[in-house]
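Below is one structure, written out as C-alpha cells, with a few remarks after it.
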Amino acid sequence: MSLIAEILNNYWLLEDYLAPSKKLSILSNMYTCYELIFFTYFLILIIHSKLAKKILVILDICFFLFCGWTFVTRGLYSGAGPIILFECLILIIPCLVYFRELFTLQKHIDLSKEPSFWIVTAMLFYYFIFPPIVLFNGYFELHKLDAIALGIESLNNFSQIITDILFIKAFTCRVGLFRNQPGL
C-alpha cells in the first residue's frame, strides 16, 4: 500500500509540478486513514492494557469523525495537515503505553531480538518528529517563504530514513515462531 501511494504521489507530483494537487490531498488523506487502521491493529495486538486498547479505539473513532467533518466542511481536497497531526497524536499515546508496559515487565527480555520493540520505536520516533515538521512547513508556506518550507519538509526525508532503518531492524530480528513473548 505504501509503495503504491508513493508511486502515485511521485507521478502526480511530476504531473502538477509546482502547482497544488487535489489528487495529492486525496491520496494523502486516504493513506493517513489506512496507516492509522494498520498501526492501531498492530498496537492492539501488542498492548496488554484493556483500558489503553479502548481509548485507542475511541480515539480512532474520533479521528474518522474528524476526517468526515473536515471533508464535509472544507471539501474532499482539503489539506492533510490537521488530519496528519491528529493521527500523530493518536499513535504517540499507545506507543508510550507499550514502553511503559515493556519496561515495567518483571521478566528480562533481549530487546535486540524483539520486533515489536523496534516497530514501536520507529513509530514513536516518526510520529514525534513529524508534527513540528508539518507545523513549521505550514508556517513558512503561509508567509510565502517557500524555500525555507521546502527545506523544513526535506527534514521529513531524513526522519523517514531513520524510521525505515528501525523497521528493517524489526524485520531482521530472530525470534522463535512459537515463543510466548510479551510483544507480538
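Among Phe136, Phe171, Phe130, the ranking by other beta carbons within 10 Å of each residue's beta carbon, starting with the fewest, stands as Phe171, Phe136, Phe130. Does the range 35-184 come out rounded, prolate or oblate, given a ≥ b ≥ c as the square roots of the eigenvalues of its C-alpha gyration tensor, rounded meaning a/c under 1.5 and, failing that, prolate meaning a/b above b/c? Cα axes put the range 35-184 in the oblate bin.
The charge dipole of the range 108-175, taken about its Cα centre with unit charges on the Cβ of Lys, Arg, Asp and Glu (plus for the first two, minus for the last two), comes to roughly 200 debye.
Would you mind calculating the gained length between Phe66 and Lys169 on full extension (0.36 nm times residue separation, minus the Cα-Cα distance), in nm to one decimal?
Numbers: separation 103, 0.36 × 103 = 37.08 nm, distance 3.41 nm.
Full extension from Phe66 to Lys169 adds 33.7 nm.
FYI, it's all coordinate maths here, none of it is from the lab. Model, not experiment: these values are computed from the prediction. Because the Cβ atoms are built from the backbone with ideal geometry, glycine has one as well, and the counts that use them run over all protein chains shown.
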